[in-house]
Amino acid sequence: MTYRRWFVVGVAFAVIGAVVAAFAIFYGNFSPRGYVEDRYTRATSRDLGSDAIAYTSNRTPSQVSKEITDAWQPADQYVDGSGVYLRYDDDSVVILPLAAGSVILLERMTTAYPRYHSRVGSHWGWGRGSTVRGGGPGSGK
């Protein structure tokens, strides 16, 4: 009888784990990209081609940056008068001022780094010998 009880307890924990995992998959934010997509207003007219997807907020770039970095710590960030530039592993989040708020641009690092290199090149942490691909053992193979 004790084996049956342990089996029931094990099944109960498995069901609870499956419910929690399903909730996390459908309602969770697993990246800075997902965080921005869930919290800000999509603005297709402000997209930069098909590479940089735009969102807007009525908050200032510094307020938006604080919200995003509180939830997702960037690998590097650069702030100047033109905006806030956040670098993550695969994505960049660029927050630029608007007359009333901010535009938030989501872009893959493969296209963001060349686009913003003149502004953030020495600040986003890439030095000699590393690339957008991440560097490290076996890079470039």
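Considering only residues that are over 23 Å from residue 70 (Cβ atoms), small (Gly, Ala, Ser) and modelled with pLDDT of 80 or more, look in the range 9-51 and name the one that is nearest to the chain's Cα centre (by Cα).
That would be 50.
Quick one: residue 70 ticks every box in (1) at pLDDT 90 or above; (2) within 15 Å of residue 104 (Cα to Cα) except a single one, so which number is it?
(2)
Take residue 77 and decide whether it is part of a loop (DSSP other than H, G, I, E, B) and without any contact (Cβ under 8 Å) to a residue 60 or more places away in the chain.
So residue 77 does not fit the description; no.
If you go through the range 107-127, how many residues are part of a helix (DSSP H, G or I) and not aliphatic (A, V, I, L, M)?
9
Mind checking which pairs have a first residue in the range 100-125 that is closer than 17 Å to residue 89 by Cβ and a second that is surrounded by 15 or more Cβ atoms within 10 Å (Cβ to Cβ) and among the polar types (S, T, N, Q), Cβ under 6 Å, 6 or more apart or different chains?
Matching pairs, first to second residue: 107/92; 109/92; 112/92.
Limited to the range 81-103, what total is found for residues that are closer than 13 Å to residue 56 by Cβ and not aliphatic (A, V, I, L, M)?
So the count comes out to 3.
If I filter the range 52-74 down to residues being over 15 Å from the mean Cα position of the chain (by Cα) and assigned to a helix (DSSP H, G or I), which single residue comes out as surrounded by the most Cβ atoms within 10 Å (Cβ to Cβ)?
61
Could you say whether any residue in the range 97-106 is at pLDDT below 95 and in a helix (DSSP H, G or I)?
There is no residue in the range 97-106 that is at pLDDT below 95 and in a helix (DSSP H, G or I).
Is it the case that the range 107-119 has a residue that's assigned by TED's automatic domain parsing to the domain that holds residue 36 and at pLDDT 90 or above?
Within the range 107-119, one or more residues are assigned by TED's automatic domain parsing to the domain that holds residue 36 and at pLDDT 90 or above.
Please go through (1) modelled with pLDDT of 90 or more; (2) closer than 19 Å to residue 123 by Cβ; (3) over 12 Å from the mean Cα position of the chain (by Cα) for residue 77 and return the number of the only condition it doesn't satisfy.
For residue 77, the failing item is (1).
The values are calculated or read from the model by the stated rules, or taken from the named source; none is laboratory data. Source: prediction; values computed, not measured. Because the Cβ atoms are built from the backbone with ideal geometry, glycine has one as well, and the counts that use them run over all protein chains shown.
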